[in-house]
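Engineer: Structure incoming, see below.
Every read-out reported here was derived from the displayed coordinates using simple, explicitly stated rules and does not represent laboratory data. Here the structure is a predicted model, which means the values were calculated and not measured. All Cβ positions, glycine included, derive from the backbone under ideal geometry; neighbour counts span all protein chains shown.
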Amino acid sequence: MSSFTKGEQIVMLLIVLIVVSSLGYKFLIQDLLIPEEPTLALVDIPQTQTSIDTAEDDIIIMVHISGQVYSPGLIELVQGDRVIDAVELAGGLTKEADLDRINLAKKVEDEEKIYVPRIGESNEPVELQTSNPRVDNNDLKGNNININTATLDELDSLPGVGKVIAQRIIDYRSTSPFKTIDDLKNVSGIGDKIFSGLKDLISVK
């Protein structure tokens, strides 16, 4: 096999250099023209603060319900509740309840005495309000109730009193007997309004 001449060797070397140069140029162009994929930067996105208005706490009140309900006694309600709410918590009305003499839509107040009358009761019709059924003067036979000796039931029968305040009266007089009927205003829960409805019905003798 004859060897290549010097001229042929030079031509072959030039061809190799051209091929190598072409490949290198191609890779260089790709690096320059094809951008790298962008790196996603983690950005803290501020969260919208949702302000929540805290509702005011419901004001709890206590009322005393009696009469023609299945579970009479003390009941806790929320201020703004109505008589119908108190009736439902007391087990509902009995069949003997006189619906024509009560106002189920009336809003109740703290320390209120709610009385549900019976059909055919001899007392005059009463609308549920902040007082007990009126004391029947005929039953009292002209004698006022002695607040120093009256029983819990007798005191409970007075308008605006109820069993809770009646018990407070008994507790008060056990340590300090009433000297005048005006001393009754020293008992918690008895203000001028309630006292004005009692003063002609009570005595200390």
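Engineer: Could you tell me how many of the residues in region 186-202 are over 16 Å from His64 (Cα atoms) and buried (at least 16 other Cβ atoms within 10 Å of the Cβ)?
Structural biologist: The total comes to 6.
Engineer: If you don't mind, there's one more thing I want to ask. Please name all residue pairs, on different chains or six or more residues apart, with Cβ atoms under 8 Å, provided the first residue is in region 161-183 and is in contact (Cβ under 8 Å) with a residue 12 or more places away in the chain and farther than 13 Å from Ala150 by Cβ and the second residue is outside any helix (DSSP H, G or I) and among the charged types (D, E, K, R).
Structural biologist: From region 161-183, the pairs are Gly162/Glu111; Gly162/Lys113; Val164/Glu111.
Engineer: Hey, could you check region 71-101 for residues that are closer than 24 Å to Ala166 by Cα and surrounded by 15 or more Cβ atoms within 10 Å (Cβ to Cβ) and say which is farthest from the chain's Cα centre (by Cα)?
Structural biologist: My answer is Pro72.
Engineer: Quick check: is even one residue across region 64-80 assigned to a helix (DSSP H, G or I), without any contact (Cβ under 8 Å) to a residue 24 or more places away in the chain and not polar (S, T, N, Q)?
Structural biologist: No, region 64-80 contains no residue that is assigned to a helix (DSSP H, G or I), without any contact (Cβ under 8 Å) to a residue 24 or more places away in the chain and not polar (S, T, N, Q).
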